[in-house]
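Taking it in order: structure first as structure tokens, then the write-up.
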Amino acid sequence: MEDELQGMEEAVPERDSDSFRDEGEWAAGPVDAGDPPPAAEQQVVPPTTPPTAEAALTEPSEVGDEMEPSEDVDEAPLNAGEDEESPEASGDGRMRAVDLIAPTRLDFLAEREADAEQPVKTAEVFVFANQKGGVAKTTTTLNLAVAFAESGYRVLCIDLDPQGNLTMSQGIDPDKVEKSLYDVLVNDMPISEIIVKREIDIAVASIDLAGAEIAMSTKIGRERSLEKALKEVAGDYDFVCIDTPPSLGLLTINALTAANKVIVPVQCEYLSMRGLVQLQNTLKMIQENLNPDVRIEGILPTMLDSRTIHAKEAVEILEENFGDLVFQSRIKKAIKFAEAPVKGASVLKYDSTSSAANYYRDLAKEVLSHGSA
Ligand SMILES: Nc1ncnc2c1ncn2[C@@H]1O[C@H](COP(=O)(O)OP(=O)(O)OP(=O)(O)O)[C@@H](O)[C@H]1O
Ligand SMILES: [Mg+2]
């Protein structure tokens, strides 16, 4: 072993300690702990591990260039494992064999191997459903999706409503769309072919989606068409957010079959308990026959006018009947929600600092705190 170490030491070229310092980013000096640098600055700090495992094994002198010096200059024994001696501290500016085979590099290799064994993470699929019309399904789908994206998640929205409101609210005219979810559901077109990039990625609807339920009705596995289509892109996204039409027909059943979690927007003015019970029954049928894992993530009070007693009572009734299933977040009434789609934008883009935008940022935090992603 000693002979090997000696051999490796000799193989490393001598370096001038000043030039070593000039090349290293760390030569710029320590960062003031009380004043953290912006993210862009943080990114230029060199990695403490070599860029590739091969480099660690075959290019020792370059590995030395990547090294970050240890603040602790005490000489560590070869098998102590924790501290590396900095090139400067060694006095002669040479890399020592112990630096080349330090356990941190071996840890790095082990981490790489462990990463390779991890299964590819697949997207969490949210469906926004309520067979009652005009309760803010589309508004919630888009704005929550954009709030996720703002937090750095990769998000795909799916417009499963023949009205095409989600598609329109990202500035795309459903009447001019050539390929849409109709082709995916009825003709098995890959979903990647109908995804358009806007604030978030969106699988678009067209008006002919209205005919999809009838066209699919004779298809074997008709309830699973969307689930099947999503497999192609499930590894590309953290979240898939599906907007549904105001009905419990085959399109909504496809969404519930493909989903992990259901978010139920409820307009507090015209609260319909009967409607929610009907939705729960449909979900039970899906759980028993098609998708045992799907569950309600939460019931979301929307369009809340907190000045009225009626709205307060409506939320109380919701909480009495559904307890913890009711989100803590509240989406209050705001004119910005009607204005933003006209501009083809989410409220978060249309007026980023508005309270309306923050309602959905708060909802995103609450959903993420439930353990998603
Ligand atoms: N918090 C809010 N305050 C005021 N207006 C809102 C709010 N949320 C949504 N709206 C508006 O209410 C209308 C209905 O909202 P939305 O289209 O999202 O409902 P929906 O449930 O998707 O309707 P549908 O069942 O027809 O698909 C839209 O004009 C929207 O801009
Ligand atoms: Mg809608």
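Among residues belonging to the range 302-332 that are in a loop (DSSP other than H, G, I, E, B) and among the hydroxyl-bearing types (Ser, Thr, Tyr), point out the one that is farthest from LEU144 (Cα to Cα). Write out each step before concluding.
Residues of the range 302-332 that are in a loop (DSSP other than H, G, I, E, B), as a first pass: 303, 305-308, 327-331.
Filter again for among the hydroxyl-bearing types (Ser, Thr, Tyr), leaving 306, 308, 329.
On the way: SER306: 21, THR308: 26, SER329: 12 Å.
Going through the qualifying residues, I end up with THR308.
Filter the range 124-143 for residues that are within 9 Å of ligand 2 (Cβ to nearest atom), in a helix (DSSP H, G or I) and either of a type outside the set (Ser, Thr, Tyr) or over 19 Å from ILE200 (Cα atoms) (or both) and give the result.
LYS137
With the requirement that a residue be within 16 Å of ligand 2 (Cβ to nearest atom) and among the small types (Gly, Ala, Ser), what does the range 344-373 give you?
From the range 344-373, those within 16 Å of ligand 2 (Cβ to nearest atom) are 344, 346-347, 360; that's our starting set.
Once the filter is applied, which keeps residues that are within 16 Å of ligand 2 (Cβ to nearest atom) and among the small types (Gly, Ala, Ser), the range 344-373 yields GLY344, SER346.
Residue under question is LEU156, and the condition is that it be in the same structural domain as ILE299 (by TED's automatic domain parsing), closer than 12 Å to LEU348 by Cβ and buried (at least 23 other Cβ atoms within 10 Å of the Cβ); does it hold? Before you say what the answer is, go through the steps one by one.
Details: in the same structural domain as ILE299 (by TED's automatic domain parsing): yes; closer than 12 Å to LEU348 by Cβ: no; buried (at least 23 other Cβ atoms within 10 Å of the Cβ): yes.
Against the criterion (in the same structural domain as ILE299 (by TED's automatic domain parsing), closer than 12 Å to LEU348 by Cβ and buried (at least 23 other Cβ atoms within 10 Å of the Cβ)), LEU156 does not qualify.
Results for (1) assigned by TED's automatic domain parsing to the domain that holds VAL135; (2) free of Cβ contacts under 8 Å to residues at least 40 places away in the same chain; (3) assigned to a strand (DSSP E or B), shown as yes or no for each residue.
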position: PRO245; (1), (2), (3): yes, no, no
position: VAL266; (1), (2), (3): yes, no, yes
position: VAL277; (1), (2), (3): yes, yes, no
position: GLU297; (1), (2), (3): yes, no, yes
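Out of GLY171, GLY164, which single residue is over 19 Å from THR257 (Cα atoms) and more than 16 Å from ligand 2 (Cβ to nearest atom)?
Values: GLY164 fails: more than 16 Å from ligand 2 (Cβ to nearest atom).
Selected residue: GLY171, the only one of GLY171, GLY164 that is over 19 Å from THR257 (Cα atoms) and more than 16 Å from ligand 2 (Cβ to nearest atom).
Would it be correct to say that THR282 is closer than 29 Å to GLN170 by Cα and either in contact with a Ser or Thr (Cβ under 9 Å, 6 or more places away or on another chain) or among the hydroxyl-bearing types (Ser, Thr, Tyr) (or both)?
Considered against the rule, which asks whether it is closer than 29 Å to GLN170 by Cα and either in contact with a Ser or Thr (Cβ under 9 Å, 6 or more places away or on another chain) or among the hydroxyl-bearing types (Ser, Thr, Tyr) (or both), THR282 comes out as no.
A quick yes/no check of all residues on (1) surrounded by 18 or more Cβ atoms within 10 Å (Cβ to Cβ); (2) part of a loop (DSSP other than H, G, I, E, B); (3) touching a Cys at 6+ places or on another chain (Cβ under 7 Å); (4) not charged (D, E, K, R):
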position	(1), (2), (3), (4)
LYS179	no, yes, no, no
VAL186	yes, no, no, yes
SER192	no, no, no, yes
ALA210	no, no, no, yes
LYS219	no, yes, no, no
GLU223	yes, no, no, no
GLU227	yes, no, no, no
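Quick grid of which residues meet (1) in contact with a Cys (Cβ under 6 Å, 6 or more places away or on another chain); (2) within 16 Å of ligand 2 (Cβ to nearest atom); (3) hydrophobic (A, V, I, L, M, F, W, C); (4) modelled with pLDDT under 95:
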site: ALA255; (1), (2), (3), (4): no, yes, yes, no
site: ALA259; (1), (2), (3), (4): no, no, yes, no
site: VAL262; (1), (2), (3), (4): no, yes, yes, no
site: MET273; (1), (2), (3), (4): no, no, yes, yes
site: LEU276; (1), (2), (3), (4): no, no, yes, yes
site: GLN280; (1), (2), (3), (4): no, no, no, yes
site: LEU283; (1), (2), (3), (4): no, no, yes, no
site: GLN287; (1), (2), (3), (4): no, no, no, no
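Every residue, every condition in (1) within 12 Å of ligand 1 (Cβ to nearest atom); (2) touching a residue at least 12 places away in the same chain (Cβ under 8 Å), yes or no:
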| position | (1), (2) |
| --- | --- |
| PHE239 | no, yes |
| ILE253 | no, yes |
| GLU288 | no, no |
| ALA311 | yes, yes |
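When the range 123-144 is examined, which residues are found to be out of contact with any Lys or Arg (no Cβ under 7 Å at 6 or more places or on another chain) and of a type in the set (S, T, N, Q)?
GLN131, THR138, THR139, THR140, THR141, ASN143
Please work out if PRO341 is within 16 Å of ligand 2 (Cβ to nearest atom), farther than 25 Å from LEU226 by Cα and crowded, with 20+ Cβ neighbours inside 10 Å. Write out each step before concluding.
Numbers: within 16 Å of ligand 2 (Cβ to nearest atom): yes; farther than 25 Å from LEU226 by Cα: yes; crowded, with 20+ Cβ neighbours inside 10 Å: yes.
For PRO341, the condition - within 16 Å of ligand 2 (Cβ to nearest atom), farther than 25 Å from LEU226 by Cα and crowded, with 20+ Cβ neighbours inside 10 Å - is met.
Conditions (1) under 26 Å from the mean Cα position of the chain (by Cα); (2) more than 16 Å from ligand 1 (Cβ to nearest atom); (3) of a type in the set (Gly, Ala, Ser), marked per residue:
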residue: LEU156; (1), (2), (3): yes, yes, no
residue: ASP159; (1), (2), (3): yes, no, no
residue: MET168; (1), (2), (3): yes, no, no
residue: SER180; (1), (2), (3): yes, yes, yes
residue: GLU193; (1), (2), (3): yes, yes, no
residue: LEU209; (1), (2), (3): no, no, no
residue: ARG222; (1), (2), (3): no, yes, no
residue: SER225; (1), (2), (3): yes, yes, yes
residue: ALA229; (1), (2), (3): yes, yes, yes
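Can you list residue pairs whose Cβ atoms sit under 6 Å apart, with the first residue in the range 315-340 being under 20 Å from THR138 (Cα atoms) and assigned by TED's automatic domain parsing to the domain that holds ALA357 and the second being in a loop (DSSP other than H, G, I, E, B) and within 16 Å of ligand 2 (Cβ to nearest atom)? Count only pairs 6 or more apart in sequence or on different chains.
Here the result reads LYS333/MET303, each pair linking the range 315-340 to a residue that is in a loop (DSSP other than H, G, I, E, B) and within 16 Å of ligand 2 (Cβ to nearest atom).
Within the range 346-363, how many residues are in contact (Cβ under 8 Å) with a residue 40 or more places away in the chain and either in a loop (DSSP other than H, G, I, E, B) or more than 17 Å from LYS137 (Cβ to Cβ) (or both)?
Number of matching residues: 5.
Counting only residues that are out of contact with any Asp or Glu (no Cβ under 9 Å at 6 or more places or on another chain) and closer than 23 Å to GLU124 by Cα, how many does the range 332-373 have?
Residues flagged as out of contact with any Asp or Glu (no Cβ under 9 Å at 6 or more places or on another chain) and closer than 23 Å to GLU124 by Cα within the range 332-373 amount to 10.
The values are calculated or read from the model by the stated rules, or taken from the named source; none is laboratory data. This one's a predicted model, so the numbers in the text were calculated from it and none came from an experiment. Cβ atoms come from the backbone with ideal geometry, glycine included; neighbour counts cover every protein chain shown.
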